[in-house]
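Data first, discussion second: the structure below is written as structure tokens.
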Amino acid sequence: MGRLAAIKEFANSLTGRMVLGVLLIHALLAPLLFGGLLYIVKSGYQTQFINQVRSESHLFAYLVERDFNSVDLRARIEDILLGSMVIFLQIIRPDGTLIYDLSDTSQVRNFEEDFFFGQHDDTTYYIAIPIHKNDGDLLATIRLGYDETPTTEQIKATRQRSIYLAIIYITLTLALVAFSGFQVTQSLRRLRDAARKVVMDDNTRQLDIPTSVTEVTSLGRDLERMRWKLVHQGEMLEHQALHDSLTSLPNRNLLYERMQQALAVSQRMHKNVALFIMDLDHFKEVNDTLGHHVGDLLLQKTALRLRSALRESDTVARLGGDEFAILLPTIEDAQHAVLAAQKILKLVYRPIVLEGHTLTVGGSIGIALSPDHGQDNDTLMRHADTAMYYAKRTQSGYSVYDHDLEQQSITEPDMASKLRLAMERNELLLHYQPKVDMHTGKVSSVEALVRWQHPQQGLLMPAEFIGLAEKSGVINPLTLWVVKEALRQCLIWRQSGVDVPIAMNLSARNLQSRDMPDQIGALIKGTDINPAWLEFEISESAILSNPGNTLDVLRRLHLLGVKISIDNYGTAPASLYYLNQLPMHQIKIDKSFIADMHDAGNARIVRAAIDLAHNLGRTAIAKGVESQEAFELLKSLGCDMVQGYYMAPPLTASDLLAWLKNPTWAGNTKTSR
Ligand code: C2E
Ligand code: MG
């Protein structure tokens with residue numbers, strides 16, 4: 001650094017500013033102060049000199065006047081002059097006669113009377129004093145000269161000393177100011193270093209700012225408080241950035257971090273890493289039926305269950321919605337992974353009591369292992385996802401990734417467009433399953449059930465795409481397609497001489513669309529089919545998902561003249577009061593109760609449901625009737641209708657026509673319609 005730059009830097013520093021400030025103040029004030037002081041001292045000395053000279057000279061004149069006529073005047077004068085400061089003395093008569101002259105002849109002195117100190121630049125102060133006779137006449141004039149040099153010297157010496165004192169004073173002041181400035185600068189530097197540490201995120205240690213400057217100490221305390229807050233907020237932000245706010249489980253980011261670590265370690269140790277992706281079954285229904293609050297509680301409870309089932313070293317993360325990921329950083333092989341998945345599913349399946357509701361929510365787990373199914377995060381995630389969708393589709397609970405699954409997978413994002421395309425390409429079709437009247441043994445109606453004839457994957461069942469269609473919003477056009485197709489089929493059967501009412505299924509999401517009744521009404525109006533021959537099945541949980549809106553949509557549907565029945569009765573907690581409000585004509589008891597009717601509890605539920613339907617003035621239908629035993633039992637319980645494999649499975653339109661003309665089933669002795 002150049003000298004100039006160093007000076008500049010110093011001048012800009014706090015110490016530099018303080019020193020320069022003091023210098024400037026002194027440059028302005030010192031001349032005034034010392035000049036003034038010197039002037040006062042100088043005037044003092046001069047006044048003192050003049051006063052002394054005056055009093056001495058008057059005394060001298062008095063003595064001369066007194067002894068003027070004595071013979072030894074000269075001796076007297078010399079006596080008086082002894083010890084005085086007089087260096088010049090002349091006594092002159094009025095006529096100019098010199099009586100006495102003490103002037104130094106070596107130095108010719110010209111008498112010039114002074115009126116102030118140093119007036120004539122001759123280092124002598126001259127004074128003239130007249131002496132008078134008793135009668136007042138002038139006797140003579142005494143001219144006296146006093147040496148000014150000692151006083152001038154004294155003034156000079158005082159000035160000299162004052163300058164020394166001023167220099168010492170300024171130097172000491174500057175030194176003190178520089179020292180204080182240095183102290184403050186040091187403290188400020190420490191404060192600055194501490195602040196820099198905070199800024200540079202070096203926040204781990206408590207700040208230590210040793211200083212005796214009170215303000216800096218208090219600033220330091222504030223800075224420490226700020227650091228602590230930053231640390232605290234940083235920790236909170238980090239937690240938020242890496243965790244899910246609802247369940248406090250790690251989120252996708254943290255999962256990815258841990259996966260990366262686990263994959264690195266496993267590659268070194270030649271071990272397997274397992275990644276599970278789990279999606280809860282029926283979560284949407286819980287959310288729709290019992291509200292988001294209960295849905296949230298369910299997710300929290302599930303998170304706790306998952307966490308409790310796994311080791312500390314395993315990671316359970318929530319990916320969003322009802323999707324969880326589980327990372328097992330060291331696992332022996334696929335078999336062990338399957339055992340872990342089974343353990344998790346067992347736990348997830350256990351009934352949960354939430355706000356008085358007992359819920360049973362299943363799950364589907366997709367398993368991918370590293371290194372076999374991928375050695376990086378993205379591949380592993382994608383493959384676990386594929387396996388999860390497969391498990392969901394096949395309702396197998398869990399599934400281990402296999403390359404072949406890839407060909408069969410339909411993932412959510414492309415679902416909407418694929419389904420729309422499928423409708424355009426006529427890949428959707430309806431199967432029909434008869435409902436049989438128990439009293440007459442005749443077919444009372446058929447239920448239209450949608451299927452997807454997928455070009456690569458073959459015939460897909462609704463379980464494989466209805467849920468995704470609901471999520472993606474394609475369910476509304478899909479439902480309208482079903483209605484249109486069912487009406488078309490109804491007309492074809494009629495032309496073949498078969499008049500059979502058709503039941504169709506509606507989803508929860510259909511009931512949230514206020515346009516749905518009008519759209520269905522328009523489709524019906526386009527045909528000459530009596531609306532009373534049409535029936536819409538709505539599952540109990542769907543009805544409860546948005547009671548206000550649902551009731552409105554159902555009433556408007558009812559006004560079209562169609563029938564409405566409650567599907568899957570018994571699977572959701574509907575209030576009887578609310579059920580009674582619904583414009584429905586039939587209650588369809590869920591097949592889970594029918595399949596297990598040898599269980600006394602289930603049998604009681606079925607009986608109660610049948611009685612309830614009758615008491616509300618509705619008919620009761622049991623679905624999922626698979627055996628004669630169930631059929632007979634239901635008959636004895638007074639059930640009005642049955643539907644199930646025992647009578648007929650869902651059939652294609654032409655198979656149904658053949659079946660209707662010759663309804664052969666074990667329990668049927670008569671010929672039905
Ligand atoms: P769901 O309305 O309860 O339909 C009855 C389901 O039970 C049908 O399954 C049928 O094949 C099956 N089933 C009939 N008899 C028996 C039996 O004796 N035992 C057993 N275990 N099952 C029997 P599918 O066709 O796979 O339909 C499944 C669900 O998909 C339907 O349940 C319905 O909720 C939904 N779904 C079907 N088609 C449509 C549709 O067009 N729109 C909507 N929104 N949902 C539909
Ligand atoms: Mg149904």
> For residues in the stretch 371-421 being within 14 Å of Phe465 (Cβ to Cβ) and touching a Ser or Thr at 6+ places or on another chain (Cβ under 6 Å), which is modelled with the lowest pLDDT?
Replying inline: Ser409
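This table checks each residue for (1) touching a strand residue (DSSP E or B) at 6+ places or on another chain (Cβ under 8 Å); (2) more than 30 Å from Leu634 (Cα to Cα).
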site: Lys442; (1), (2): yes, no
site: Ala448; (1), (2): yes, no
site: Trp452; (1), (2): yes, yes
site: Met461; (1), (2): yes, no
site: Glu470; (1), (2): no, yes
site: Asn476; (1), (2): no, yes
site: Leu480; (1), (2): no, yes
site: Ile492; (1), (2): no, yes
site: Gly497; (1), (2): no, yes
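Give me the strands (runs of 3 or more DSSP E) completely within the stretch 540-630, filtered to those with at least 1 residues that are away from ligand 1 (no atom under 15 Å from the Cβ) and open to solvent by less than 60 Å² (accessible area, probe 1.4 Å), ordered by residue number.
On the way: elements: 563-569, 586-589, 619-623.
Output list reads 619-623.
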> Of everything in the stretch 106-129 that's touching a residue at least 24 places away in the same chain (Cβ under 8 Å) and assigned to a strand (DSSP E or B), which residue is surrounded by the fewest Cβ atoms within 10 Å (Cβ to Cβ)?
Replying inline: Ile129
> Within the stretch 387-406, how many residues are open to solvent by 10 Å² or more (accessible area, probe 1.4 Å) and part of a helix (DSSP H, G or I)?
Replying inline: 9
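Please return the ranges of strands (runs of 3 or more DSSP E) entirely within the stretch 277-374 where 2 or more residues are under 28 Å from the mean Cα position of the chain (by Cα). Walk me through it before giving the result.
Working: elements: 315-320, 323-331, 352-354, 357-359, 363-370.
Result: 315-320, 323-331.
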> Right, Phe68: of a type in the set (Phe, Trp, Tyr), part of a loop (DSSP other than H, G, I, E, B) and either open to solvent by 90 Å² or more (accessible area, probe 1.4 Å) or touching a strand residue (DSSP E or B) at 6+ places or on another chain (Cβ under 8 Å) (or both) or not?
Replying inline: yes
> If you take the residues in the stretch 438-490 that are of a type in the set (Lys, Arg) and either within 16 Å of ligand 2 (Cβ to nearest atom) or at pLDDT 90 or above (or both), which one is surrounded by the most Cβ atoms within 10 Å (Cβ to Cβ)?
Replying inline: Arg451
> What are the pairs, 6+ residues apart or on separate chains, where a residue within the stretch 509-525 that is away from ligand 1 (no atom under 16 Å from the Cβ) has its Cβ under 6 Å from a residue that is assigned to a loop (DSSP other than H, G, I, E, B)?
Replying inline: Gly521/Leu560
> Is at least one residue of the stretch 171-192 in contact with a helix residue (DSSP H, G or I) (Cβ under 6 Å, 6 or more places away or on another chain), assigned to a helix (DSSP H, G or I) and free of Cβ contacts under 8 Å to residues at least 60 places away in the same chain?
Replying inline: yes
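The values are calculated or read from the model by the stated rules, or taken from the named source; none is laboratory data. These numbers come from a predicted model, not from an experiment. Counting neighbours? That spans all protein chains shown, and the Cβs are built from the backbone with ideal geometry, glycine included. The protein model used for the area step is the full one, side chains on, heavy atoms only, and it has no ligands, DNA or RNA in it. Shrake-Rupley method; radii C 1.70, N 1.55, O 1.52, S 1.80 Å.
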